[in-house]
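Read the structure below first, then the notes.
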Amino acid sequence: MLELKKVSKSYTQRGMVLGDLDLVVRDGDAIAVTGPSGSGKTTLINIIGTLDHPDSGDVIFRGRSVSTLDADESASYRNRNIGFVFQDHLLLPHLTVGENILLPLFASDIGLSEYEEKKKNASGLMKRIGISPLAGKYPFQISGGEAQRATLVRALINKPSLLLADEPTGSLDAENARILGDLLVEINRETGLTLLIVTHSDALASRMKTHLILENGKLKTI
């Protein structure tokens, strides 16, 4: 599905973050990446999601290089193939939970029938994840764990083939972190959705099929 070939990235103040990094991700993988703060985990996620670009090397998704896409092409690539979950839920405060979840559909060039199909899929996911009763509430009216579950549904609404999660349990208490971890494992097992998660949580990382550590700009298997 995805291959990173000798990807390097440096910043003026931080110096080298990624150095000739290689990574192969296959359909159905569930990969956790851990490493010290500042090791480049978020940079790695951002480069795969074309939110950032490498200084050198290549990112290949299903046989196509995506590391040099322009802004419109990058947006299309992300919307059709990638789901994002971040540490902060990033729900818009003036929209209800249900409206936040449907938001990606309005950025998609899809017809009415596809819109209705994905809306129905979102409704099913909300029911499965246990947040259907929250659809009419606003973000300030729900807990952090509930908001993160809503974010997960929003990330899945376009049926991506790859979910990128950046510290998805970082702002949650132990119980809500366990619940979200359960959901990620179940979705990977039951739907084959490919997961790439960067985290400081060894508990979450241990539940993935593959655990990598990012050190000195390169990935190593635990």
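The values are calculated or read from the model by the stated rules, or taken from the named source; none is laboratory data. In this text, all values refer to a predicted model and were calculated from it rather than measured experimentally. Note that each Cβ is placed from the backbone with ideal geometry, even for glycine, and that neighbours are counted across all protein chains shown. Side chains are part of the model used for accessible areas, which takes the heavy atoms of the whole protein and leaves out ligands, DNA and RNA. Shrake-Rupley method; radii C 1.70, N 1.55, O 1.52, S 1.80 Å.
Order 165-178, 143-156, 13-26 from most to least packed using the mean count of other Cβ atoms within 10 Å. Write out the running numbers ahead of the final one.
Values: 165-178: 18.3, 143-156: 21.8, 13-26: 14.9.
My ranking of the peptides, most packed first, is 143-156, 165-178, 13-26.
A cut-off under 10 angstrom between Cβ atoms defines the neighbours of Pro104, and their net charge, with Lys, Arg +1 and Asp, Glu -1, is +3. If you take every residue apart from Ser171 with its C-beta less than 15 Å away from the C-beta of Ser171, what net charge results, scoring Lys and Arg +1 and Asp and Glu -1? Summing Lys and Arg as +1 and Asp and Glu as -1 gives -4.
Between Thr12 and His53, the simple label model (points 7 Å from Cα in the Cβ direction) yields a spacing of 1.8 nm.
Here segment 56-188 was treated as a single set of alpha-carbon atoms; its pair distances binned every 10 Å from 0 give 12, 41, 33, 13, 1 percent. How many angstrom separate the Cα center of segment 98-171 from the Cα center of segment 1-61? Their Cα centres are 26 Å away from one another. The portion of the accessible surface of segment 77-222 made up by carbon and sulfur, rounded to a whole percent, is 53 (1.4 Å probe; DNA, RNA and ligands excluded).
Using the Cβ-Cβ distance between Asp20 and Asp72 with R0 set to 35 Å, the FRET efficiency from 1/(1 + (r/R0)^6) comes to roughly 0.75. With all pairs of separate Cα atoms included, the chain yields a Kirkwood hydrodynamic radius of 17.9 Å. Electrostatic tally near Ile131: other residues with Cβ closer than 13 Å to its Cβ, Lys and Arg +1, Asp and Glu -1, net +4.
Return the tail of the calculated pair distribution for segment 20-68, meaning the percent of Cα-Cα pairs more than 12 Å apart.
On the way: 809 of 1176 pairs.
So the portion of pairs separated by more than 12 Å is 69 percent.
Full extension of the chain between Glu175 and Glu215 yields a length gain of 11.5 nm, computed as 0.36 nm times the residue separation minus the alpha carbon distance.
Using only DSSP helix segments of four residues or longer, with each worth -39500 (n - 2.57), what per-residue ellipticity at 222 nm results for the chain after dividing by its residue count and rounding to 500?
Details: 7 runs with 82 residues, N = 222.
So the calculated ellipticity at 222 nm is -11500 deg cm²/dmol.
At what distance in nm do the modelled label points of Leu90 and Arg62 sit from each other, each positioned 7 Å from its Cα along Cα→Cβ? Result for the modelled spin labels: 2.2 nm.
On average, how much accessible surface per residue is there in the chain, in Å², for a 1.4 Å probe, leaving out ligands, DNA and RNA? Numbers along the way, then the final one.
Working: 10650 Å² over 222 residues.
Heavy-atom SASA per residue in the chain reads 48 Å².
Once you have a ≥ b ≥ c as the square roots of the Cα gyration tensor eigenvalues for segment 129-173, tell me rounded if a/c is under 1.5, and otherwise prolate or oblate according to whether a/b is larger than b/c. Oblate is the answer for segment 129-173, as a/c is 1.5 or above yet b/c matches or exceeds a/b. Summarising the label geometry, the points placed 7 Å from Cα in the beta-carbon direction at His200 and Ser132 lie 3.7 nm from one another.
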